[in-house]
Amino acid sequence: MSYYNSKVLNSNFEKVEIQVRESLQNVGFGVLTEIDIQQKLNEKLAVEFHKYKILGACNPKFAYEALKFDSRIGTMLPCNVIIQELKDGKIEVAAINPIASMSAVNNEDIERVATEVSILLNKFIASLTD
């Protein structure tokens with residue numbers, strides 16, 4: 001089982017980012033955090049890096065449900081989604097596989113929530129188009 005699900009698109013970074021945000025909303029997720037890796041690495045290390053953003057996506061209903069089962073599950077929230085420009089100019093979008101990440105918790109209730117979240121994130125990835 002892979003720890004992520006991804007799709008590569010023939011589009012530009014900015015258009016894909018807009019589509020990602022809209023598609024996440026369409027399946028019930030909001031973006032809580034955003035890290036522009038390209039900017040931060042340049043700022044902190046003075047290095048060049050390709051366009052790369054990490055979006056911390058959260059579905060409040062499922063986050064609440066998981067937190068009721070285990071208050072420490074917050075260490076594994078939110079669900080990260082990345083957008084990165086590949087060497088060939090294509091854009092990859094990848095989302096964490098919550099089933100893989102939450103399996104370490106070894107809690108059947110959490111696994112059920114992770115499965116439901118995984119279905120939504122897979123739907124989100126599948127909805128992305130060039």
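Filtering the stretch 1-51 down to residues that are of a type in the set (A, V, I, L, M) and assigned to a strand (DSSP E or B), which residue is farthest from Leu121 (Cα to Cα)? In this case the residue turns out to be Ile35. Does Val105 count as of a type outside the set (Lys, Arg), more than 15 Å from the chain's Cα centre (by Cα), at pLDDT 95 or above and over 30 Å from Asn12 (Cβ atoms)? The answer is no for Val105.
Here is the figure for the stretch 86-118: residues that are crowded, with 18+ Cβ neighbours inside 10 Å, under 26 Å from Asp130 (Cβ atoms) and of a type outside the set (A, V, I, L, M) total 2.
The values are calculated or read from the model by the stated rules, or taken from the named source; none is laboratory data. Owing to the predicted nature of the structure, the values given are computational and were not obtained by experimental measurement. Don't worry about glycine lacking a Cβ; one is built from the backbone with ideal geometry, like all the others, and counts go over all protein chains shown.
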